[in-house]
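For reference, the structure is listed below as structure tokens.
The values are calculated or read from the model by the stated rules, or taken from the named source; none is laboratory data. Worth saying up front: this structure is predicted, and the values here are computed from it rather than measured. Reconstructed Cβ throughout: ideal geometry from the backbone, glycine too, with neighbour counts over all protein chains shown. In case anyone asks, the SASA skips ligands and DNA or RNA and just uses the protein heavy atoms, side chains included. Shrake-Rupley method; radii C 1.70, N 1.55, O 1.52, S 1.80 Å.
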Amino acid sequence: MKKIVVLISGSGSNLQALIDAEAQGDLGGHIALVVSNKKAAYGLVRAAEENIPTLVRTLKEYKDSGKTREDYDRDLAALIEATLTPDLIVLAGWMHILSAAFIDKFKGKIINLHPALPGELDGAHAIDRAYEEFKAGTRARTGIMVHHVIPEVDKGDPILTKEIPCVAGDTLKMLEERIHAAEHQLLPDAVRLVLQHSDKGL
């Protein structure tokens, strides 16, 4: 069984989508570890309810002791490696930009969910920015993608994408809900696709 590590920072709704897909036999692998950079992330509760091992490491601990983000990333990669050998690492609402110190350890094995289409709205607050552009009349649709992770933020090759329409009368909350519902479908599909391709040596 392919081993999946999921990195989270918050409520873990996309983690829940992966848990549900695994329970239905639709994920193509087993969630073997959930890692959070926030001690209070509700996703840790979701993992505990499913008896999935968890690991918490905060960047603040490193900064408080005079260490760097690269130190954090390097140590986090080592901790994951010491626990298991992952076939895939999924960034599902992971709000920390990983440096090459982490990415190079798992080259080709890290994917990220981002609430925008390739080449649009890279980086943080993509939904907020899409909504502001929609209100300004310069955007009629946005989207989501799952992509391979490289050091350049949100620039890795896309695996799956989906357009999301902006609808007249939308509030930010309405757009967010439409995007999150689509994410919960797209992310498990992308995980399954990547693991299938790894079986074929692609």
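Just the residues that are more than 20 Å from residue 186 (Cα to Cα) and of a type in the set (D, E, K, R), please, taken from region 98-132. Before you say what the answer is, go through the steps one by one.
Of region 98-132, the ones more than 20 Å from residue 186 (Cα to Cα) are 98-107, 128-129, 131-132.
If the condition is that a residue be more than 20 Å from residue 186 (Cα to Cα) and of a type in the set (D, E, K, R), then 104, 105, 107, 128, 129, 132 are the ones that fit.
Between a residue in region 172-184 that is under 15 Å from residue 15 (Cα atoms) and any residue that is modelled with pLDDT of 95 or more and open to solvent by 50 Å² or more (accessible area, probe 1.4 Å), which pairs come within a Cβ distance under 7 Å, given they are 6 or more apart or on different chains?
Cβ pairs passing all conditions: 182/162.
Could you list, ordered by first residue, the pairs with Cβ atoms under 9 Å in which the first is in region 46-63 and without any contact (Cβ under 8 Å) to a residue 24 or more places away in the chain and the second is exposed (fewer than 14 other Cβ atoms within 10 Å of the Cβ) and of a type in the set (Gly, Ala, Ser), at least 6 apart or interchain?
Qualifying pairs under 9 Å: 54/48.
What tally of residues in region 174-193 results from selecting those that are open to solvent by less than 20 Å² (accessible area, probe 1.4 Å) and not small (Gly, Ala, Ser)?
Residues of region 174-193 that are open to solvent by less than 20 Å² (accessible area, probe 1.4 Å), as a first pass: 175, 179, 182-183, 186-188, 190-191.
Those still in the list that are not small (Gly, Ala, Ser) too: 175, 179, 183, 186-188, 191.
Residues that pass the stated criteria total 7.
Those residues that are part of a loop (DSSP other than H, G, I, E, B) and surrounded by 13 or more Cβ atoms within 10 Å (Cβ to Cβ), I need them from region 131-157; list them, please.
Taking region 131-157 and keeping what is part of a loop (DSSP other than H, G, I, E, B), we get 136-140, 149-157.
The answer is 139, 149, 150, 151, 153, 154, 155, 156.
Which of (1) modelled with pLDDT of 95 or more; (2) closer than 27 Å to residue 77 by Cα; (3) exposed (fewer than 13 other Cβ atoms within 10 Å of the Cβ) is the odd one out, the single condition residue 171 does not satisfy?
Result: residue 171 fails condition (2) only.
Might you check whether a residue that is at positive phi and among the charged types (D, E, K, R) occurs anywhere in region 146-154? Working first, answer last.
At the first step, the residues of region 146-154 found to be at positive phi are 154.
Keeping just the survivors that are among the charged types (D, E, K, R) gives 154.
The answer is yes, given that some residue of region 146-154 is at positive phi and among the charged types (D, E, K, R).
Output the helices (runs of 4 or more DSSP H) that fall wholly within region 1-91 and possess 3 or more residues being in contact with a helix residue (DSSP H, G or I) (Cβ under 8 Å, 6 or more places away or on another chain) and modelled with pLDDT of 95 or more, or say none. Outline the logic, then answer.
Details: elements: 13-23, 43-49, 59-64, 69-83.
Hits in region 1-91: 13-23, 43-49, 69-83.
Cβ-Cβ below 7 Å, separation at least six or inter-chain, first residue in region 137-150 and without any contact (Cβ under 8 Å) to a residue 60 or more places away in the chain, second assigned to a strand (DSSP E or B) and among the acidic types (Asp, Glu): which pairs?
Partner pairs satisfying both residue conditions: 141/163; 143/163.
Which of the residues belonging to region 32-44 are in contact (Cβ under 8 Å) with a residue 12 or more places away in the chain and over 18 Å from residue 81 (Cβ atoms)? Don't jump to the end; show me each part of the working.
Initially, region 32-44 is screened for residues in contact (Cβ under 8 Å) with a residue 12 or more places away in the chain, giving 32-39, 41-44.
Those that are in contact (Cβ under 8 Å) with a residue 12 or more places away in the chain and over 18 Å from residue 81 (Cβ atoms): 38, 39, 41, 42, 43, 44.
Applying the selection to region 178-202, what residues are at pLDDT 95 or above and over 17 Å from the mean Cα position of the chain (by Cα)? Give the steps one after another, and end with the answer.
Keep residues of region 178-202 that are at pLDDT 95 or above, which gives 178-195.
178 - this is the single residue of region 178-202 that is at pLDDT 95 or above and over 17 Å from the mean Cα position of the chain (by Cα).
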